[in-house]
1. Nearest 0.05, what FRET efficiency do M1 and T73 give at R0 = 41 Å with Cβ-Cβ as r?
2. Specify which residue in the list Q29, S94, F72 is farthest towards the positive end of the charge dipole of the range 1-140, using unit charges on the beta carbon of Lys, Arg (+1) and Asp, Glu (-1), about the Cα centre.
3. If each Cα of the chain is one equal point scatterer, what is log10 of I(q)/I(0) from the Debye formula at q = 0.17 Å⁻¹?
4. Hey, what do the phi angles of the range 156-171 turn into as Karplus ³J(HN,Hα) couplings, whole Hz, using 6.51/-1.76/1.60 and θ = phi - 60°, x for Gly and Pro?
5. What is the distance in Å between the Cα centres of the range 184-207 and the range 41-103?
6. In a shell of Cβ-Cβ distance under 11 Å around G223, excluding G223 itself, what net charge do Lys and Arg (+1) and Asp and Glu (-1) give?
7. Using θ = phi - 60° and the Karplus curve 6.51 cos²θ - 1.76 cosθ + 1.60, what whole-Hz ³J(HN,Hα) does each residue of the range 59-75 get, with Gly and Pro shown as x?
8. Grab the other residues whose beta carbon is less than 12 angstrom from that of S77, score K and R as +1, D and E as -1, and report the net.
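What follows draws every value from the coordinates through simple rules; no lab data is involved. The model shown is predicted, which means the values in this text are computed figures rather than measured ones. Every residue, glycine as well, gets a Cβ built from its backbone with ideal geometry; the counts of neighbours run over all protein chains shown.
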Amino acid sequence: MKKIFAANWKLQKNPAETRQFFAEFKKIQTSKEIEVVFFPSSPCLEAAAQSVVDSQIKWGSQNCYFETKGAFTGETSAQVVKDLGGHYVLLGHSERRTLFHETDSEVSKKLKLVQSLSLIPMLCVGETLDQREGGKTKSVLEAQLTAGLSLADKTLPVVIAYEPVWAIGTGKVASVEQVRETHADVATILLKLGWSDQTPILYGGSVKADNSKELLSIPNVSGFLVGGASLVADSFAAICNS
Ligand code: PGA
């Protein structure tokens, strides 16, 4: 299975900065045996699409609506992502869930639509610090995966990104033991839900070049979803090359 290295740019970079990033990133050699995916903000998707058209680099949007068109002011159409040549849609990121009150039920409808367009959903799940300290991590993940995947087609690809909420943008990376245990739990839950053992499970939360090698050696870690460290070409390439 190819390892997946995904960059979540959140609300960073404008189209010119997006083009500049790819001009630099494409000069750095990364393995052909990995999948590299970028999630720029919606106004930068076309700049990203044009920048990577002659490469193996994949891209997608950070969210979408569960309808492809209509009177839905402010939303992103997965159909347009598809039309522009995109491959993925990130869904259920903790910032979407917390700041924009996105529910598991909305995430499941979005995921169904994304699959129906032959795009690959990357479903984010993760526990808060309170939930971890209260011993609820496994049940929270099971509930998010069960609900988020409830309308999914198991014959089509899905990528899971496990991101402990307390490790996102905080510099607090989960310990090797926590990642080992939680990824094993996610793999078990996916099997129980009837998903293939080949379903990729990425880790996300303060991944950097200096911790990526160790994290990547943990069983059931199929790659990373990287925020802050993906904004600079050198540092993200170093993670991809770990
Ligand atoms: P971070 O963000 O790498 O900056 O912690 C990860 C994410 O939000 O996907």
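1. Values: r = 40 Å, r/R0 = 0.97.
The pair M1/T73 has a calculated efficiency of 0.55.
2. Projecting each Cα onto the dipole axis, the largest value belongs to Q29.
3. With no solvent term, the Cα-only Debye profile gives -1.33.
4. In residue order, the calculated couplings are 10, x, 9, 10, 9, 10, 8, 10, x, 4, 6, 9, 7, x, 9, x Hz.
5. 23
6. Details: positive: K2, K3; negative: E35.
So the environment of G223 carries a net charge of +1.
7. 8, x, 9, 7, 5, 7, 9, 8, 10, 8, 7, x, 8, 10, 3, x, 8
8. Numbers: positive: K69, K82, K110; negative: E67, E75, D83.
With Lys, Arg at +1 and Asp, Glu at -1, the net is 0.
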